[in-house]
1. Please work out the FRET efficiency for the pair residue 55 and residue 157, using the Cβ-Cβ distance as r and a Förster radius of 25 Å; give the result to the nearest 0.05.
2. Calculate for the chain the 222 nm mean residue ellipticity that helices alone would give, adding -39,500 (n - 2.57) per DSSP H run of length 4 or more and normalising by residue count, nearest 500 deg cm²/dmol.
3. For a 27 Å ceiling on Cα separation, which of these pairs sit above it: 183/214; 2/155; 7/183; 7/334?
4. Please compute the length gained on full extension between residue 320 and residue 30, using 0.36 nm multiplied by the number of residues separating them and subtracting their Cα-Cα distance.
5. Which one, 26, 86, 71, projects farthest toward the positive side of the charge dipole computed for segment 20-104 from Cβ point charges (K/R +1, D/E -1)?
6. Could you pull the accessible area for residue 228 with a 1.4 Å probe, rounded to 10 Å²?
7. By how many nm would the segment from residue 278 to residue 224 grow when fully extended, if each residue of separation counts as 0.36 nm and the alpha-carbon distance is taken off?
8. Using Cα pairs closer than 8 Å and at least 6 residues apart in sequence, work out the relative contact order for segment 106-263, in percent.
Amino acid sequence: MKLATLKNGTRDGHLVVVSQDLTRYTDASFLVPTLQAALDNWARIAPHLEALAESLEHGSVPSERFHEHDAMSPLPRAYQWADGSAYVNHVELVRKARNAEMPETFWTDPLMYQGGSDTFIGPRDPIRMADEAYGIDMEGEVAVVVDDVKMGATKDEARAAIRLFMLVNDVSLRGLIPGELAKGFGFFQSKPSSAFTPVAVTPDELGEAWDGDKLHLPLIVDYNGKPFGRADAGVDMTFDFPTLIAHAAKTRPLVAGSIIGSGTVSNKLDGGPGKPVDAGGVGYSCIAEIRTIETIENGKATTPFMRFGDTVRIEMKDAAGRSIFGAIEQAVEKYEKD
């Protein structure tokens, strides 16, 4: 089942069911107005949404053309957005760029931060920033949406709570991160609003690519129309999704609709840093990684962070080459106060 939230002039939009090929949708708001409301009553509502999805595939309910530009992030705002750093290769590289040591515990205990979840960006809406000097970067990730998770949940309980998958562009402001972390109180200004794919999908839509722990498909990241990243989300993932969820729930319960992110998808190459796609590697899911590798190899970074007018596209396709979630496609624009 594929679900989306369409813009309707309100903060939370309205819920629709989308066809498997992402071409059509049918209104679901007569069942439940929003995706959050569906998640709040998933056991009761999900069977009705699944029946509606089946009717949509058979052409037995009214439908309209689905346009990804009309979609908000599936959850336009959420009770919680907790982003992990499951790909420790990424953490290691980015810390090298800041001349920060890599504690051994990073390989055994997940990193996670609590991001802002009150204003997610639409998947085709621009990234508006006041200053290029902030060091604007994209971060391509996979995210799951969970049902209620009790405090102290086991990995099996965490796995059973996964309801939906999405992709995310976790926008980062690299120029602000060092100063914030130096204060010892974590990210805030350096992590502005994130964007999620037009569609959220249930685990069954992923087929054999989802093994219950990891999603084994390449994350496609194009930057200014050129291949930038093709890292496999199932490779080099030190902490799988049940582990991340259980980590988040160690000292608190998670409410239905909480979003848990994987962190930037990152692959090694022959045990070392990756290579660009045009050099035979799988590339990168953020600019910070290629800058770190440039520094390691050449003594300095040459790839600039995002500038006004730059574009990023993040997508994932199944084994047959069909888009699963639709695409995040955003341009960077200068923010001007009204």
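The values are calculated or read from the model by the stated rules, or taken from the named source; none is laboratory data. Note that the structure is a prediction, hence the values are computed from the model and not measured. Cβ placement follows ideal geometry from the backbone for every residue including glycine, while neighbour counts extend to all protein chains displayed. Heads up: the accessible areas ignore ligands, DNA and RNA and are worked out on the full protein's heavy atoms, side chains in. Shrake-Rupley method; radii C 1.70, N 1.55, O 1.52, S 1.80 Å.
1. So the FRET efficiency works out to roughly 0.15.
2. -5500 deg cm²/dmol
3. Violating the 27 Å Cα-Cα cut-off are 183/214; 7/183.
4. Fully extending the segment from residue 320 to residue 30 adds 101.0 nm.
5. Of 26, 86, 71, it is 86.
6. Its heavy atoms expose roughly 20 Å² to the probe.
7. 18.0 nm
8. That works out to 33 percent.
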